[in-house]
């Protein structure tokens, strides 16, 4: 089927044809024939790169341009949401019937807001969690949604992320039973069961635009699923390195999956030495520039230095410990073909789209802190293998598992290459996970009675798979907890949320965290300081995972707790009566220590070295801490605990910027982060008034403060710059070598 034959506006066809798409792939054609453009609900389960997103784009533009509708696109990850947002932006040039252009918006953060500004947009991309938060805030514009696209729905099987998506879909169907659902998934065994739950048509296909050859490698020989074999030159004792070298010499790229972050970095180092001599001189020059960009982005850390050094040889690693800025640089460079070998942890398989000619699964086991190593699922393997082959560039993509013995080769062939992916099972019926969703159902008035709550959860995927009665006993237990903790109340048959319960739901925190914070705020510790609140938020279940304490740190952590015990909201458990509780408390103390180091302006490298955390983990810790401090502030307001508000506001600002109190006025300026603020302060520019009266030449002479940054600062503080003075400064060579970001 050709694009020009579709029943969508000509303006949409023009955009697609200009982008090089003239004919539909078979799965796309099946979706159209199944009624995707006619408003039918559809579950489309097909491999990575088979064109599912284009079906979503066609349906979305059909709703916006012909039906005057509004589209919600749900994504499991922020990175993926940003990717989809960029893809939809190509339609922003199209004019609607009312004369305006198609507007595409995105919202992935701030869970304590209804984001009314999103009402102006026609296509809205959010994460599943943000959509859940918007539903809790009863965002009015969500009633206008006519199409919901749910991406990566096989993640319903994920214990942490799946239940939120499940509840969001059930809730959207509750508020608008006529909404069209387009559900996109990897190939799973029970896609028909999912379709049955959603009253949708089901299309399942294994078709891919690039032929996929799956196999297992043992030493230097690879045996493929179709019975063919490949033997590569054995330059190294590691078959993964031999395969990577082979594919790069053939003009391709290799994506290598490792079990842990440490293994990913080690493999990248090994690959760097193996392929350094293969690269051309022009490529090496381009990589030198890329390396320099990494080295000058974000704060200086050993992890960043290591990455920058590897990139010089066309190799990089990618895992959650990297900063977001470094991950984006690496992703773009890999897509551009500059990075030849990328090592990654399995989480990348469920994230951004980074296809490669060859995918090598170096270890089929996965590491989970607290549980150790365990074999990945077939579904995870299929997701990783699905990254093999770049559409429009490769005719064939190869996905290979690495075996160490003959027996293991047979096991991998039978258990992964020849196996079918598992069924999707709902993970909703876990008390910790279900608890906030039960509260939200009452707090946002989606149900006014206990029976109404039961009826809503009786329409979830869990109830569809297991029958409604199986979840009702757990819901009754949760309702009792919410009642006992005064989050809900009952009058006759009517059940309603208290102010406390409603605020907990809006703040998007676990009700147990809300109880911990509420109870802590009732009794002020003898000494109130930063550590009081940093440990308070570390004590909640929402601060997860906490920073792991190592055995050789126990004495130091015990000393920290002893020194600060007068500042803590909680009593220290007895080391002798309850060793487990004591060690958990020390883990909370270490988390508080990391956050304290951040607001005391310790560098990333210092924090990484001292506490053994990585940049990505530190950023997540900071974000979670900021969110929980905001929740604590709001609960202090709710319960009239005014004495806590000044210090909470101050600590919130400090954790957001990573600064001591004295720098807070300076970091409010755009383009001035913790590093530049400290430089300004130490140079005598301690207030906004100091900056207002400072000669611009004095600012430009400071490290990291060139003419552009100095001018931006002066404009914000109301300082006057003469035209001839500015022209003279522009003509001089700027000492500013760093990008203009708020981080500095």
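The values are calculated or read from the model by the stated rules, or taken from the named source; none is laboratory data. In this text the structure is predicted, and so the values were computed from the model without any measurement. Glycine gets a Cβ as well: all are built from the backbone with ideal geometry, and neighbour counts include every protein chain shown.
Below is a table of values for the structure above.
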{"quantity": "Test for residue 651: is it surrounded by 18 or more Cβ atoms within 10 Å (Cβ to Cβ) and modelled with pLDDT of 95 or more", "calculated": "yes"}
{"quantity": "Residue in the stretch 625-643 that is outside any helix (DSSP H, G or I) and either in the same structural domain as residue 325 (by TED's automatic domain parsing) or without any contact (Cβ under 8 Å) to a residue 12 or more places away in the chain (or both) present", "calculated": "yes"}
{"quantity": "Enumeration of residues in the stretch 330-345 that are out of contact with any strand residue (DSSP E or B) (no Cβ under 6 Å at 6 or more places or on another chain) and farther than 23 Å from residue 392 by Cα", "calculated": "345"}
{"quantity": "Positions within the stretch 311-324 being surrounded by fewer than 23 Cβ atoms within 10 Å (Cβ to Cβ) and assigned to a helix (DSSP H, G or I), in sequence order", "calculated": "324"}
{"quantity": "Which listed residue is outside the structural domain of residue 169 (by TED's automatic domain parsing) and touching a strand residue (DSSP E or B) at 6+ places or on another chain (Cβ under 7 Å), from 496, 457", "calculated": "496"}
{"quantity": "Members of the stretch 519-539 that are in a loop (DSSP other than H, G, I, E, B) and within 22 Å of residue 656 (Cβ to Cβ)", "calculated": "528, 529, 539"}
{"quantity": "Lone unmet requirement of (1) more than 20 Å from residue 607 (Cβ to Cβ); (2) surrounded by 16 or more Cβ atoms within 10 Å (Cβ to Cβ); (3) at pLDDT below 90 for residue 673", "calculated": "(1)"}
{"quantity": "Complete set of residues in the stretch 687-722 that are surrounded by fewer than 16 Cβ atoms within 10 Å (Cβ to Cβ) and part of a loop (DSSP other than H, G, I, E, B)", "calculated": "687, 695, 701, 703, 718, 720, 721, 722"}
{"quantity": "Residue in the stretch 325-333 that is more than 19 Å from the chain's Cα centre (by Cα) and surrounded by fewer than 23 Cβ atoms within 10 Å (Cβ to Cβ) present", "calculated": "yes"}
{"quantity": "Listing of helices (runs of 4 or more DSSP H) fully contained in the stretch 1-101 that carry 3 or more residues being closer than 29 Å to residue 160 by Cα", "calculated": "52-66, 78-88"}
{"quantity": "Index of the failed condition, residue 516 passing every other in (1) in the same structural domain as residue 571 (by TED's automatic domain parsing); (2) touching a residue at least 60 places away in the same chain (Cβ under 8 Å); (3) assigned to a helix (DSSP H, G or I)", "calculated": "(2)"}
{"quantity": "The stretch 493-505, subset assigned to a helix (DSSP H, G or I) and out of contact with any helix residue (DSSP H, G or I) (no Cβ under 6 Å at 6 or more places or on another chain), residue surrounded by the most Cβ atoms within 10 Å (Cβ to Cβ)", "calculated": "500"}
{"quantity": "Single condition residue 285 does not satisfy, out of (1) over 24 Å from residue 308 (Cα atoms); (2) assigned by TED's automatic domain parsing to the domain that holds residue 361; (3) in a helix (DSSP H, G or I)", "calculated": "(1)"}
{"quantity": "Strands (runs of 3 or more DSSP E) completely within the stretch 358-413 that count 1 or more residues being crowded, with 21+ Cβ neighbours inside 10 Å and within 25 Å of the chain's Cα centre (by Cα)", "calculated": "358-361"}
{"quantity": "Filter result for the condition that a residue is touching a residue at least 12 places away in the same chain (Cβ under 8 Å), in contact with a helix residue (DSSP H, G or I) (Cβ under 7 Å, 6 or more places away or on another chain) and surrounded by fewer than 21 Cβ atoms within 10 Å (Cβ to Cβ), over 90, 62", "calculated": "90"}
{"quantity": "Looking only at the stretch 618-642, and only at residues there that are closer than 23 Å to residue 305 by Cβ and crowded, with 21+ Cβ neighbours inside 10 Å, the one that is modelled with the highest pLDDT", "calculated": "621"}
